[in-house]
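K.L.:
Would you mind keeping the following structure in view while I ask a few things?
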Amino acid sequence: MKLGLNLGYWGMGNDADSLALAHEADQLGFSVVWAAEAYGSDAVTVLAWVAAQTSQIDVGSGILQIPARTPAMTAMTAATLDALSGGRFRLGLGVSGPQVSEGWHGVRFAKPLARTREYIDIVNMALARKRVRYDGQTYQLPLPDGPGKALHLMVHPVRDHIPIYLASVGPKNLELTGEIADGWLAVFFAPKFADAHLDHLRAGRALAGKTLEGFDVVASVPIVLGDDPVECAKPVRPYSALYIGGMGSRDHNFYNALAVRMGFASEAAEIQDRYLARDYDGAAAAVPAEFVDATSLLGPPGRIADRMAEFADAGVTTLSITPYGETMGERVAALRTAVDALDRSGASE
């Protein structure tokens, strides 16, 4: 298992710290640093900024939103970032949710599975420098009955293949991820519920005539150092409440549904009720410590090492951590502790 760093959304905190953390992770030998986007900062600019000031660590989009860009634009961006970074880019994609897709980007959230498959088909076709001709349910290139012509990418990518990751939550999306992607970006991954996810990934890999060998299972986990895991869970609760309660409507929240499948149905309902009523503190307080502990690294270094071994045994190949701490020093200490803990766990490559 390798380590990754999750920077989250730029503009939501001390952004100078983000670059400092990326520098530290680069020096510590982390495998990859991920940046996210929703409806604030974009991930591409942040990744270009990080790539320009690091030398070894890969830079990954976690994620680029499919409704925000045409597949051809995504291929152009991937080829450019990969070239400028010296072959260090990983392309993470996701359909986002209906509120963002339709409310922010003006793109109907219809047939997300078919759209994702077609999108990746076109991205791969463009990156292979083939003339892009595609007749799908969502994408037709060139447009019929118009002046458009089939084009190929003008620049030559520096690698034959840029790895593609999908952020997926539901069973059908997980199966699609296994079938057409190189890796899975997991959120709220809990080792004791791993098989429920990995079985769907395996089914998708089987459809493509493959196994999970070489497939990158990336679990994004908060890390909080301290003596008491219950106390360590407190700063993570608002993050959990945001996703379980606020990332979507009452009827369309993939993360809430995930919490329900993990056995937290009543708690998920309360979190959502409070969050949608704008009782954000109450929503955070309603997040069970057990849920946070199951999906995070909490406590002293020895416990962190034991938990890392659990994640590795559950099939995680990249553990992407978000360091928590009141100061930059505490967050850097979390990165360094993670490196030591991984070595102690026996799960490092």
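K.L.:
Would you mind giving the average projected area, over all directions, of the Cα convex hull of region 130-254 in nm² with one decimal?
P.N.:
Values: hull surface 50.4 nm².
The Cα convex hull of region 130-254, projected and averaged over all directions, gives 12.6 nm².
K.L.:
What percentages make up the Cα-Cα pair-distance distribution of region 20-65 when the bins are 10 Å wide from 0?
P.N.:
All Cα pairs considered, the percentages come to 31, 53, 16, 0.
K.L.:
Over the chain, with a Gaussian network built from C-alpha contacts below 10 Å, which listed residue (43, 20, 126) shows the highest mean-square fluctuation?
P.N.:
In this elastic network of the chain, the residue with the biggest mean-square fluctuation among 43, 20, 126 is 20.
K.L.:
Right, another one. Using R₀ = 22 Å, calculate the FRET efficiency as 1/(1 + (r/R₀)^6) where r is the Cβ-Cβ separation of residue 313 and residue 199; round to 0.05. Display every interim value, and only then the final one.
P.N.:
Working: r = 16 Å, r/R0 = 0.73.
The pair residue 313/residue 199 has a calculated efficiency of 0.85.
K.L.:
Can you check what the net charge comes to around residue 107, using other residues whose Cβ is under 14 Å from the Cβ of residue 107 (Lys, Arg +1; Asp, Glu -1)?
P.N.:
Values: positive: 69, 108, 111, 115; negative: 102, 118.
Local net charge: +2.
K.L.:
Also, I was wondering about something else. Can you work out the Karplus-derived ³J(HN,Hα) for every residue in region 97-104? Use 6.51 cos²θ - 1.76 cosθ + 1.60 with θ = phi - 60°, whole Hz, and x for glycine or proline.
P.N.:
x, x, 5, 6, 4, 8, x, 9
K.L.:
Continuing with the same structure: Distance between Cα centroids, region 221-274 to region 305-326: provide it in whole Å.
P.N.:
After rounding, the separation between the Cα centres reads 18 Å.
K.L.:
Taking only the C-alpha atoms, wrap a convex hull around region 157-210 and report its volume per residue in Å³ as a whole number. Please report the intermediate quantities before stating the final value.
P.N.:
Values: hull volume 4.6 nm³, N = 54.
It is 85 Å³ per residue.
K.L.:
Out of every Cα pair in region 263-313, what percent are spaced more than 14 Å from each other? Could the numbers behind the result be given before it?
P.N.:
Working: 756 of 1275 pairs.
Counting pairs separated by more than 14 Å, the tail of P(r) holds 59 percent.
K.L.:
Local charge sum around residue 211 (other residues, Cβ-Cβ under 15 Å, Lys/Arg +1, Asp/Glu -1)?
P.N.:
-3
K.L.:
Per 20 Å bin, what percent of the C-alpha pairs of the chain does each bin hold, from zero upward?
P.N.:
Pair shares across the bins are 30, 60, 10, 0.
K.L.:
Which of the three applies to region 71-172, rounded, prolate or oblate, going by the alpha-carbon gyration tensor with a ≥ b ≥ c and a/c under 1.5 meaning rounded? Walk me through the numbers on the way to the answer.
P.N.:
Values: a/c = 1.97, a/b = 1.16, b/c = 1.70.
Oblate, since a/c reaches 1.5 and b/c is not below a/b.
K.L.:
By count of other Cβ within 10 Å, fewest leading, how are 104, 49 ordered? Can you show the working numbers first?
P.N.:
On the way: 104 14, 49 17.
The most exposed by this proxy come first: 104, 49.
K.L.:
Now, a different point. Which of 172/234; 130/172; 2/130; 111/210; 2/111; 149/210 have a Cα-Cα distance over 27 Å? Write out the running numbers ahead of the final one.
P.N.:
Working: 172/234 33 Å; 130/172 29 Å; 2/130 34 Å; 111/210 25 Å; 2/111 34 Å; 149/210 35 Å.
Pairs exceeding the cut-off: 172/234; 130/172; 2/130; 2/111; 149/210.
K.L.:
When the Kirkwood radius is taken over all Cα pairs of region 221-330, what Stokes-Einstein diffusion coefficient follows at 10 °C and 1.306 mPa s, in µm²/s?
P.N.:
Answer, rounded: 110 µm²/s.
K.L.:
Let me ask something else. I'd like the projected area of region 1-119, averaged over all directions, using the convex hull of its alpha carbons. Report it in nm² with one decimal. It would help to have the intermediate numbers written out before the result.
P.N.:
Details: hull surface 30.5 nm².
Result: a mean projected hull area of 7.6 nm².
K.L.:
I would also like to ask the following. At a temperature of 10 °C and a viscosity of 1.306 mPa s, determine how fast region 213-253 diffuses translationally according to Stokes-Einstein, using the Kirkwood radius over alpha-carbon pairs as Rh; express D in µm²/s, rounded to the nearest whole number.
P.N.:
Reported coefficient: 125 µm²/s.
Every number here is computed from the coordinates shown, using simple stated rules; none is lab data. No experiment lies behind these values; they were computed from the predicted model shown. Reconstructed Cβ throughout: ideal geometry from the backbone, glycine too, with neighbour counts over all protein chains shown.
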